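Notes follow once the structure below has been shown.
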Amino acid sequence: MLSFIARRIGTILLTMLCLTLVVFFLVNLEPNLKKLAISQTEMHTPPEQLESWLVNHGYRQNFFVRYGHWLGVLKMEPIVDPATGKASQRFSFCNDPAEPAYSGVLQGNFGCSTKFKTTVAAKLFPALRATGILMFWVLVVMVPVSLLIGILAGMREGSRTDRVLSVASIATTATPEYVSGVIFTVIFASWLGWLNGSAASAAQGITFYNFTLPVITLAIYGIGYIARMTRASMVEVMTQQYIRTARLKGLSFSNVVVKHALRNALIAPFTVIMLQFPWLLTGVVIVETMFRYQGFGYTLVEAAGNNDIDLLLGCSLVSVFIVLITQLISDVGYAYLNPRIRVQ
Amino acid sequence: MQIEYIGAFNIVIGVLVRFWPVWLALAIVLGASFAYKKRLGLYGQLFDSSVGIAGVVICLFWLFTAIFASTVAPFDPLAQIPVMKDALPGAIEPASKGVFLFGGDKLARDIFSRMVYGSQIVLIIAPAATGFALMVGITLGLPAGYYGGKIDTVLSFLANLVLAFPVILLFYLLVTPGIMDTPIPYAMAGLFFLFPIIFFCALFWTRYKNRPDRLYLLLGLTLVIGGWIYAGLVFDADPLRIVHIDPNQLNIFVAVVFASSPGVFRIVRGLTMDIKTRDYVAAAQTRGETPWYIMLWEILPNARGPLIVDACLRIGYTTILLGTLGYFGLGLAPESPDWGTAIKDASRLLRSFIHPALPPTIALMSFVLGLNLLADSLREQSMKD
């Protein structure tokens, strides 16, 4: 088991290395660098000055050297002004080293955000915290509701309850966040006026009034999917021999469901819930943009829109890490929950 | 100037009347399907359940709407008629006496016509991109599952690499105006669009290797038609000027194929690993068939059930992805009538007007719902066999 996890973590590190290299390549394409230089200098700057801005801030060094700097395996050289010969920081707003030093992700330095004029860490971690709160409430709503729907539907396959709930869960999987968000806002904010259509005030304090819409919008898409998986798993369990045996020895139906079926039926949904995280990440971006909640998704959109290289790299690192870690947890947890599966 | 309105009842009637070519086509197709149900195989069986009928009707409805868009839509989707800015549903346009059935948006365009034309964009890109993703996934997934070993390790690692990217980040990196100045989208298009040609060549080669008359005809046809479309799509150099795609649409297309082919790859690989242990594959191996013959003519036909279901779901998923792209204003032109862009424009103004938001959201939802119902019913039917 331990060697399995060690091997998986090795793969994860390799994947992260490859992916950050790809992201690094894409954000450093010539048009993107131009865009960055234009947004960082004043309006109507002539092309030569744009070029000198890029040179002065170290964007014209060799691609792999710069990737090494970012990663922290190469020494970051300060920018030396050719006129005075004095070494200076790349960006004054974050404490770049003024003398050669290893200063990259491996040393815990995520770099400078050019858009927000601060260090990436100062921007990224509060945003992650905000998104973590959102995710927590989403899971609190999503998991019990979807498991309940799935179990009720799968308990008696083909019954009226089953058909109604199945069609309802198909309908929610057909409703992406930007659709359900608009519909909920129209109904609950514009029409009934019960809830706030913006979560911007949630930064000061989370209330039922400003936080419900983002949470249900994000939860509703996952509910259908998890419910269908739970239903499939429940249906399969209910046809097993041991359920029939339990029924034949005279246990009541509810007793059979709760004591014999549930435990085995909940193994598959666990995996599915874990694998929902990558999708939730995309949903988070949509919902945070739509409801103006300043979390991870909002930061990612800002970083991508302004080609904020270090911040975007930080965001990709975090999201890829979340995706891969949840996969690992789902695999390990599956093996742990299901004694028939033993990891070789 | 005072704008006159028609009542809610007249709006409903007006919408139903505008869709007349769609109703006609639906009636013909459904009538024919019911009449020849027994002979239509899997498609005919769909009409045995209400879920299946609902799925088919919704999908066909949007298909015919896309085909007859120019007849159904009363106005040009891009035309702006200033007096109709933010007009409420049912407003009568003074000049032509035409009715803005669902009102006008903030740029004074007819929402109904935009919704109808939006279906065209979705129904061209989503199925086509899914088709290409299927080709890529099948061509790579079959050998990965069949041979296993190094090929499998490398291809699976690459697939997991793409799958580990959150889709939205991938789109923000791949679908930007700047990237069109670099050769990346064209290189990716050149790579992906090669797969259908490879696939069909391998398909015909393995089957008709010993029958040169059939083989050369089919191979020639594949290369001519495939090469023609390839030249048109990748190099925009179609000699007849029929196959043409806008650079930004090509960019979206490539990004969507790139994002969804690893999923197909994983499914095909899993199915292949399962099917290759069957007796008929062992029989074919004993007969001395080549590996590619076994993959393409023994394994693939037996994997078609789950693949068809997955393709249905995937078209819906691609529609959602296209909507996401539109919602973030990536790739598609800002005035494009597609549903995602319309939802984005409308959702910013929800505080003042809600009517522009509803038609595109309901359209997108119903189309994806139709595809999901279709997939669900297909799955149930194929389980019965």
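Descriptive notes on the structure:
- Against the test of being part of a helix (DSSP H, G or I), in contact (Cβ under 8 Å) with a residue 12 or more places away in the chain and surrounded by fewer than 13 Cβ atoms within 10 Å (Cβ to Cβ), the options B:Phe47, B:Phe34, B:Phe9 yield a single qualifying residue, B:Phe34.
- Among helices (runs of 4 or more DSSP H) entirely within segment A:237-309, having at least 2 residues that are in contact with a Leu (Cβ under 7 Å, 6 or more places away or on another chain) and under 27 Å from A:Phe110 (Cα atoms) singles out A:267-291, A:296-305.
Results for (1) touching a residue at least 40 places away in the same chain (Cβ under 8 Å); (2) within 14 Å of chain A (Cβ to nearest Cβ), shown as yes or no for each residue.
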position: B:Ser113; (1), (2): yes, no
position: B:Val116; (1), (2): yes, no
position: B:Ile121; (1), (2): yes, no
position: B:Phe132; (1), (2): yes, no
position: B:Met135; (1), (2): yes, no
position: B:Ile138; (1), (2): yes, no
position: B:Val162; (1), (2): yes, yes
position: B:Phe200; (1), (2): no, no
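- Where A:Lys86 falls short, out of the listed (1) away from every other protein chain (no Cβ under 14 Å); (2) surrounded by 14 or more Cβ atoms within 10 Å (Cβ to Cβ); (3) modelled with pLDDT under 85: (2)
- Pairs where the first residue, in segment A:8-25, is surrounded by 13 or more Cβ atoms within 10 Å (Cβ to Cβ) and the second is polar (S, T, N, Q) and part of a helix (DSSP H, G or I), C-beta under 6 Å, 6+ apart: A:Val23/A:Ser316
- Per this entry, A:Leu54 is not counted among residues that are under 30 Å from B:Ser156 (Cα atoms), part of a helix (DSSP H, G or I) and out of contact with any strand residue (DSSP E or B) (no Cβ under 8 Å at 6 or more places or on another chain).
- Any pair with Cβ under 6 angstrom, 6 or more apart, that starts in segment A:152-163 at a residue that is under 13 Å from A:Glu236 (Cα atoms) and assigned to a loop (DSSP other than H, G, I, E, B) and ends at one that is at pLDDT 85 or above and not hydroxyl-bearing (Ser, Thr, Tyr): A:Glu157/A:Val235
- Consider segment B:50-99 and keep the residues that are without any contact (Cβ under 8 Å) to a residue 24 or more places away in the chain and within 23 Å of the chain's Cα centre (by Cα). The one that is surrounded by the fewest Cβ atoms within 10 Å (Cβ to Cβ) is B:Ser70.
- The criterion of being on the phi > 0 side of the Ramachandran plot, at pLDDT 70 or above and touching a strand residue (DSSP E or B) at 6+ places or on another chain (Cβ under 8 Å) holds for A:Gly111.
- Between A:Gly297, A:Gly305, the distinction of being within 9 Å of another protein chain (Cβ to nearest Cβ), under 23 Å from A:Lys35 (Cβ atoms), surrounded by fewer than 19 Cβ atoms within 10 Å (Cβ to Cβ) and not hydrophobic (A, V, I, L, M, F, W, C) belongs to A:Gly305 only.
- With respect to being in contact (Cβ under 8 Å) with a residue 24 or more places away in the chain and either within 11 Å of chain B (Cβ to nearest Cβ) or in a loop (DSSP other than H, G, I, E, B) (or both), A:Phe4 falls outside the description.
- B:Leu330 vs. criteria touching a helix residue (DSSP H, G or I) at 6+ places or on another chain (Cβ under 9 Å), aliphatic (A, V, I, L, M) and more than 9 Å from every other protein chain (Cβ to nearest Cβ): yes
- Failed item, numbered, when B:Pro74 is tested on (1) more than 14 Å from chain A (Cβ to nearest Cβ); (2) out of contact with any Lys or Arg (no Cβ under 8 Å at 6 or more places or on another chain); (3) on the phi < 0 side of the Ramachandran plot: (2)
- Take the conditions (1) within 14 Å of chain A (Cβ to nearest Cβ); (2) under 30 Å from B:Glu298 (Cα atoms); B:Ala54 misses just one of them, which is (2).
- Single residue of A:Leu147, A:Leu128, A:Leu139 found to be within 26 Å of the chain's Cα centre (by Cα), over 20 Å from A:Ile220 (Cα atoms) and assigned to a helix (DSSP H, G or I): A:Leu128
- Selection status of B:Pro359, outside any helix (DSSP H, G or I) and either more than 9 Å from every other protein chain (Cβ to nearest Cβ) or more than 17 Å from the chain's Cα centre (by Cα) (or both): no
- Any hit, segment B:280-288, residues being touching a residue at least 40 places away in the same chain (Cβ under 8 Å) and either surrounded by fewer than 20 Cβ atoms within 10 Å (Cβ to Cβ) or more than 17 Å from the chain's Cα centre (by Cα) (or both): no
- The selection criterion, being in contact with a helix residue (DSSP H, G or I) (Cβ under 8 Å, 6 or more places away or on another chain) and among the charged types (D, E, K, R), holds for A:Arg231.
- Within segment A:225-264, tally of residues that are in contact with a Gly (Cβ under 6 Å, 6 or more places away or on another chain) and either small (Gly, Ala, Ser) or more than 25 Å from A:Tyr336 (Cβ to Cβ) (or both): 1
- Yes/no for A:Met76 being surrounded by 15 or more Cβ atoms within 10 Å (Cβ to Cβ), over 18 Å from A:Asn307 (Cβ atoms) and within 11 Å of another protein chain (Cβ to nearest Cβ): no
- All of A:Gly224, A:Gly132, A:Gly158, A:Gly181 fail the test of being within 12 Å of chain B (Cβ to nearest Cβ) and surrounded by fewer than 17 Cβ atoms within 10 Å (Cβ to Cβ), apart from A:Gly158.
This table checks each residue for (1) within 30 Å of B:Ile362 (Cβ to Cβ); (2) part of a helix (DSSP H, G or I).
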| site | (1), (2) |
| --- | --- |
| B:His244 | no, no |
| B:Phe265 | no, yes |
| B:Val281 | no, yes |
| B:Met295 | no, yes |
| B:Glu298 | no, yes |
| B:Pro306 | no, yes |
| B:Cys312 | yes, yes |
| B:Ile315 | yes, yes |
| B:Glu335 | yes, no |
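- Within the option set A:Asp331, A:Asp310, being of a type in the set (D, E, K, R) and in contact with a Cys (Cβ under 7 Å, 6 or more places away or on another chain) holds for one residue only, A:Asp310.
- Every listed requirement among (1) more than 26 Å from B:Leu373 (Cβ to Cβ); (2) in contact with a Phe, Trp or Tyr (Cβ under 7 Å, 6 or more places away or on another chain) is met by B:Val257 save one, (1).
- Out of A:Ile286, A:Ile329, sole residue that is among the aliphatic types (A, V, I, L, M) and more than 27 Å from A:Thr118 (Cβ to Cβ): A:Ile329
- Where a residue in segment A:53-70 is under 14 Å from A:Leu33 (Cβ atoms) and its partner, wherever it lies, is polar (S, T, N, Q), with Cβ under 6 Å and at least six apart: A:Trp53/A:Thr41
- If the condition is being within 14 Å of chain B (Cβ to nearest Cβ) and modelled with pLDDT of 85 or more, then segment A:186-220 contributes A:Leu213, A:Pro214, A:Thr217, A:Leu218, A:Ile220.
- Residue count, segment B:264-279 (criterion: over 19 Å from B:Lys150 (Cα atoms) and surrounded by fewer than 18 Cβ atoms within 10 Å (Cβ to Cβ)): 3
The values are calculated or read from the model by the stated rules, or taken from the named source; none is laboratory data. Quick caveat: nothing in here was measured; it's all calculated off a predicted structure. Note: ideal-geometry Cβ built from the backbone for every residue, glycine included; neighbour counts use all protein chains shown.
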